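Some notes on the structure that comes next.
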Amino acid sequence: MNRGLNLGAEHTSSTPEELEMKEQAIFDRYFSGSRFIYNESREYRLEFLNNYTPFRFVELVIGGDFHHTNSTIENFLQRPYDKQQLGKNDVTIDKWSKIDWRSNLFGQAYISLPKLKGILSFNYIFSKIYDSGFNPRLGLLYSITDNLTIRGFYGEALRYPTSYYFGNFYRIDENMLNEIIVGFDQSDASLQGVFDEFILTNANKILIPEETFSYELGARWSPNSKFNFDVSLFYSETQNFISFEPLLEVETPTQQHFIVNGYFNLGASETKLYGVQGQLIYKTNPENPRFETTFGFSFTQGTESLPDTSQVSNGERSLNFVREQPDFIGQLQFGFLFTEKNKIYVQNSFVSKSYSKSLQTRAEFDISADRFEVKPYYTMDLIWRYRVNPNFTGYVSIYNVFNAKYGGLSATGTPDDLFYNPQSSRLWTFGLSYRLD
């Protein structure tokens, strides 16, 4: 399979044919078929936590942690790693190491009043590589009556790049196609000219964290012991997505020509999600045999701005949906409790269609949307539990009773992903669990 080349600078190959040959040679030699990376990571973490109650209705928690990571990548091979079996034709690299540390300072105040409950928290992050980050969160719950409560939430979160992103970064000199360099540091001054070229595609020279802002309003109503209804409205926005970009060709100020393959924050990529989700629970009288059912649902809409790898306008990068986010997800569970020992549960799941993250541009969607569509599906799971005694419980489970064929989420978020990622067919499980008193 030939992978397309997303150009971050002008073609450096003399002819289109030569460029295609180089691209195919690089893909065939290094990225086609199975690939193996030996990765070793050592992590150290130190945490401290302190509780304080200044008032009867207020509890404070203050703490912090220090996290140190040392990652090493040994080899990039097309067969499993074994030091004793390395041959001269294997693709190998020198040892590459990356040291990172991160420290968090966090605090939380929990307020408990007769009608009002609330949580106010913060997390302040210090990093060796990245800018410091501040994440506040606020949640409130108010009891209007004994049977009706309302709540609200606001929160921010940062997802920092890990060593995996830096380690899965490849550089090939166009004049030395028999050698690949894996896992170099994007902030390396000797390579800065390479990343200057990425200004054309709005890429950050150093990866920055993904940032999410979330809002929620909800209510819970329990008119009696049989019914319970919970519903919430939500909105979230995520920015600075990190995405894997294949075979970007660049030229340094010293006229060196490189093909680079790796992770970037490209352009003003973002997603916006909004919708409603809820849960309805019904239970019969507590005497056996009894019946209970739970129905959960989620209606979601959103938009997504794709990473800018082709210097196109925002309109051509915008989708009126979010990839791998179905518009509707529903779950209906029936529980038949014949005795305290003998129980059967039937779990039904309904999921509407979505689109795979293999979809990378708006043009691909306009031309061949069906190619990336993950069809809607329905599955049923059946679970029987029998408690032999207070300690032993046996169970028999049948997942995907009707053997539905359906696709799932992308596995890696890279071009290696399948357009259609098939999920498990019918699966039987048997087991016996033991509970210690």
| query | Regarding Tyr130, is this residue closer than 30 Å to Tyr38 by Cα and surrounded by 15 or more Cβ atoms within 10 Å (Cβ to Cβ)? | reply | yes
Requested in this report: Go through the residues of segment 213-221 one by one and say whether even a single one is at pLDDT 80 or above and out of contact with any strand residue (DSSP E or B) (no Cβ under 7 Å at 6 or more places or on another chain).
Outcome: no
When (1) at pLDDT 75 or above; (2) within 34 Å of the chain's Cα centre (by Cα); (3) surrounded by 12 or more Cβ atoms within 10 Å (Cβ to Cβ) are applied to Glu40, the one that fails is (3)
Condition set loosely packed, with under 14 Cβ neighbours inside 10 Å and in a helix (DSSP H, G or I), scope segment 360-385, selection modelled with the lowest pLDDT: answer is Ala363
Item to check | Any chance Glu249 is within 25 Å of Arg137 (Cα to Cα), at pLDDT below 95 and surrounded by 15 or more Cβ atoms within 10 Å (Cβ to Cβ) | outcome: no
Quiz item: Would it be correct to say that Phe328 is touching a Phe, Trp or Tyr at 6+ places or on another chain (Cβ under 8 Å) and within 17 Å of Thr300 (Cβ to Cβ)?
Solution: yes
Of the candidates Asn261, Asn240, the one satisfying the condition of being at pLDDT 75 or above and farther than 27 Å from Phe328 by Cβ is Asn240
Reported set for segment 130-152 where residues are under 22 Å from the mean Cα position of the chain (by Cα) and among the hydrophobic types (A, V, I, L, M, F, W, C) is Phe134
Those residues of segment 205-236 which are under 20 Å from the mean Cα position of the chain (by Cα) and part of a strand (DSSP E or B) amount to Glu210, Glu211, Thr212, Phe213, Ser214, Tyr215, Phe234, Tyr235, Ser236
The number of residues in segment 56-92 that are modelled with pLDDT under 90, exposed (fewer than 14 other Cβ atoms within 10 Å of the Cβ) and hydrophobic (A, V, I, L, M, F, W, C) is 1
Within segment 95-132, of all residues that are of a type in the set (A, V, I, L, M) and in a loop (DSSP other than H, G, I, E, B), the one modelled with the lowest pLDDT is Ile129
Restricted to segment 296-353 and to residues being modelled with pLDDT of 90 or more and of a type in the set (Gly, Ala, Ser), the residue farthest from Tyr378 (Cα to Cα) is Gly302
Within segment 336-359, residues being part of a loop (DSSP other than H, G, I, E, B) and under 23 Å from Asn389 (Cα atoms) number 4
Open item on the list: So for segment 346-365 (the condition being without any contact (Cβ under 8 Å) to a residue 24 or more places away in the chain and within 21 Å of Ser305 (Cβ to Cβ)), does at least one residue qualify?
Closed with: yes
For segment 223-244, pairs from a residue that is touching a residue at least 60 places away in the same chain (Cβ under 8 Å) to a residue that is loosely packed, with under 14 Cβ neighbours inside 10 Å, with Cβ under 6 Å and 6 or more apart or across chains, are Pro223/Asn147
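The values are calculated or read from the model by the stated rules, or taken from the named source; none is laboratory data. Because the structure is a prediction, the values reported are computed rather than measured. Every residue, glycine as well, gets a Cβ built from its backbone with ideal geometry; the counts of neighbours run over all protein chains shown.
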